[in-house]
Amino acid sequence: MATPKTVLVTGGAGFIGSAVIRLLIAETDVRVVNVDKLTYAASGTALAEIEDSNRYAFEQVDITDSAALKRVFETHDPDAVMHLAAESHVDRSIDGPEAFIQTNIIGTFRLLQAARQHFGGLDDDRKAAFRFHHISTDEVFGSLGDEGMFTEETAYDPRSPYSASKASSDHLVRAWGETYGLPVVLSNCSNNYGPFHFPEKLIPLMIIKGLRGEELPVYGDGQNVRDWLFVEDHARALWTVLSKGAAGESYNIGGHNEMSNLAVVQTICDLLDRHAPPLAGGRSRRELITFVTDRPGHDFRYAIDAAKIERDLGWTPRETFESGIEKTVTWYLENAVWWQPLLDRNVLARVGTGTTGK
Ligand code: NAD
């Protein structure tokens, strides 16, 4: 595929979307149009270093708003869409699934319709190069036992309102490819972590609570396993899929970093003991870990087989979990100016009892 000139990124003010936009502005020549509603999860300052670029434009738009989407496509005339906008927190989906159905399913449907209409008006060369890239999760595949990995052929088996809404949107995207000829490509990724991760998610939550010497609530017995990927490695993988991936294909993205939730929290405790001011009485932060009632329907294990993207597109992660988590802990220690205002807005009210990767 020819490198796109203009990429429309939805959800670009979020954790992964902002990493994608920082990468596109820093390392490519493409113009970026960020379409974001700016929900509670958006972080304006995550884009501070690029927002003055003349290759960056922002549109505050809800992806369920068809008229606004039509205007955005007409105004910016993109060659590709990277669709990341979503409600993304599993615990919130259990408490209030409505927003997940609206944004993740209806929003994806409206975006597909707008993209389809735009695609229909392109000339043949631009049609051949156009891509609609849907950014999805490994959670659509359900839960693994002790053995095995998710491949691109694994049958869908979503088990939470979040993962069911993402599975629905994956199916819609494939259907728009098959039925209407929209050149779609999908990627399903494991748990991300890194800078600008909203503090309701496991890793930033544990870093901030551990820094402050608060209890560290871990679901169940902490043995649930997730496969972790540094967010900048994911952003690079997404650009690889968009610029090199074949239309109609899907690619699994993962970091070969399977860890139990308990091991993740213990690693964070040890890094904080090394890099942060010591706790009173010289206590180890591991002593702050407490086990709390498990999440309903908590998937036991996710593990990604990323052989296809490595073999066909030549992508491999740059960070190991050890290097990425140390960078992340250090970033949170140095950037309280980013997360403290979020805590002041009481964003953690929902997660008093525990959390997991997403
Ligand atoms: P996030 O919650 O940090 O960001 C989501 C962004 O979407 C926010 O900026 C929000 O304002 C925007 N948004 C929400 N509803 C919108 C709407 N109706 N219209 C326009 N914008 C809207 O999410 P994230 O962690 O960056 O995840 C991005 C995408 O990647 C999601 O689709 C998610 O399912 C997927 N994903 C996430 C992970 C992970 O570990 N975080 C892993 C795999 C896949």
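The values are calculated or read from the model by the stated rules, or taken from the named source; none is laboratory data. Because the structure is predicted, anything quoted here is derived from the model rather than measured. Methodologically, a virtual Cβ is constructed for each residue, glycine included, from the backbone with ideal geometry; neighbour enumeration extends over all protein chains shown.
Look at A164 and say whether it is more than 10 Å from the ligand (Cβ to nearest atom), at pLDDT 95 or above, touching a Pro at 6+ places or on another chain (Cβ under 6 Å) and hydrophobic (A, V, I, L, M, F, W, C).
Against the criterion (more than 10 Å from the ligand (Cβ to nearest atom), at pLDDT 95 or above, touching a Pro at 6+ places or on another chain (Cβ under 6 Å) and hydrophobic (A, V, I, L, M, F, W, C)), A164 qualifies.
From the set of residues in region 7-45 that are charged (D, E, K, R) and part of a strand (DSSP E or B), which is surrounded by the fewest Cβ atoms within 10 Å (Cβ to Cβ)?
In this case the residue turns out to be R31.
Within region 246-254, is there a residue that is modelled with pLDDT under 95 and part of a loop (DSSP other than H, G, I, E, B)?
There is no residue in region 246-254 that is modelled with pLDDT under 95 and part of a loop (DSSP other than H, G, I, E, B).
Counting only residues that are surrounded by fewer than 18 Cβ atoms within 10 Å (Cβ to Cβ) and polar (S, T, N, Q), which one in region 287-340 is modelled with the lowest pLDDT?
Ranking the qualifying residues of region 287-340, first place goes to T293.
Here's the yes/no breakdown for (1) buried (at least 18 other Cβ atoms within 10 Å of the Cβ); (2) within 30 Å of D294 (Cα to Cα); (3) more than 9 Å from the ligand (Cβ to nearest atom):
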{"residue": "A67", "(1), (2), (3)": "no, no, yes"}
{"residue": "R71", "(1), (2), (3)": "no, no, yes"}
{"residue": "L84", "(1), (2), (3)": "yes, yes, no"}
{"residue": "S88", "(1), (2), (3)": "yes, yes, no"}
{"residue": "R92", "(1), (2), (3)": "yes, yes, yes"}
{"residue": "G96", "(1), (2), (3)": "no, yes, yes"}
{"residue": "A114", "(1), (2), (3)": "yes, no, yes"}
{"residue": "H118", "(1), (2), (3)": "yes, no, yes"}
{"residue": "R126", "(1), (2), (3)": "no, no, yes"}
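Which of the residues spanning region 210-257 are surrounded by fewer than 22 Cβ atoms within 10 Å (Cβ to Cβ), of a type outside the set (A, V, I, L, M) and more than 22 Å from the chain's Cα centre (by Cα)?
R212, G213, E214, E215, P217, G220, D221, G222, Q223
Residue under question is Q102, and the condition is that it be more than 9 Å from the ligand (Cβ to nearest atom), assigned to a helix (DSSP H, G or I) and either buried (at least 24 other Cβ atoms within 10 Å of the Cβ) or among the polar types (S, T, N, Q) (or both); does it hold?
Here the answer is no, as Q102 does not meet what is asked.
Which residue is farthest from the chain's Cα centre (by Cα), if the candidates are limited to region 132-170 and must be among the polar types (S, T, N, Q) and part of a helix (DSSP H, G or I)?
S168
When you look at V173, is it within 16 Å of the ligand (Cβ to nearest atom), closer than 22 Å to F119 by Cβ and part of a strand (DSSP E or B), yes or no?
Taking the combined requirement at face value, the residue does not satisfy it.
For I16, indicate whether it is more than 9 Å from the ligand (Cβ to nearest atom), touching a residue at least 12 places away in the same chain (Cβ under 8 Å) and of a type outside the set (D, E).
In short, no.
Can you pull out the residues in region 26-50 that are at pLDDT below 95 and more than 9 Å from the ligand (Cβ to nearest atom)?
The answer is G44, T45.
Taking the criterion of being part of a loop (DSSP other than H, G, I, E, B) and either within 13 Å of the ligand (Cβ to nearest atom) or closer than 27 Å to D29 by Cα (or both), would at least one residue in region 257-266 satisfy it?
yes
Which is in contact with a helix residue (DSSP H, G or I) (Cβ under 7 Å, 6 or more places away or on another chain) and among the charged types (D, E, K, R), of E152, E147?
E152
Scan region 119-142 and tell me whether some residue there is without any contact (Cβ under 8 Å) to a residue 60 or more places away in the chain and β-branched (V, I, T).
Yes, because at least one residue in region 119-142 is without any contact (Cβ under 8 Å) to a residue 60 or more places away in the chain and β-branched (V, I, T).
Across region 141-160, which residue is surrounded by the fewest Cβ atoms within 10 Å (Cβ to Cβ) among those that are more than 14 Å from D227 (Cα to Cα) and modelled with pLDDT of 95 or more?
A155
Test E87 against the criterion of being over 16 Å from G177 (Cα atoms), among the charged types (D, E, K, R) and not in a helix (DSSP H, G or I), and give yes or no.
So E87 passes the test.
Looking at region 51-65 only, could you name the residues that are in contact with a strand residue (DSSP E or B) (Cβ under 6 Å, 6 or more places away or on another chain), more than 10 Å from the ligand (Cβ to nearest atom) and part of a loop (DSSP other than H, G, I, E, B)?
R55, the sole residue that qualifies.
Are any of the residues in region 293-304 under 30 Å from I21 (Cα atoms) and charged (D, E, K, R)?
no
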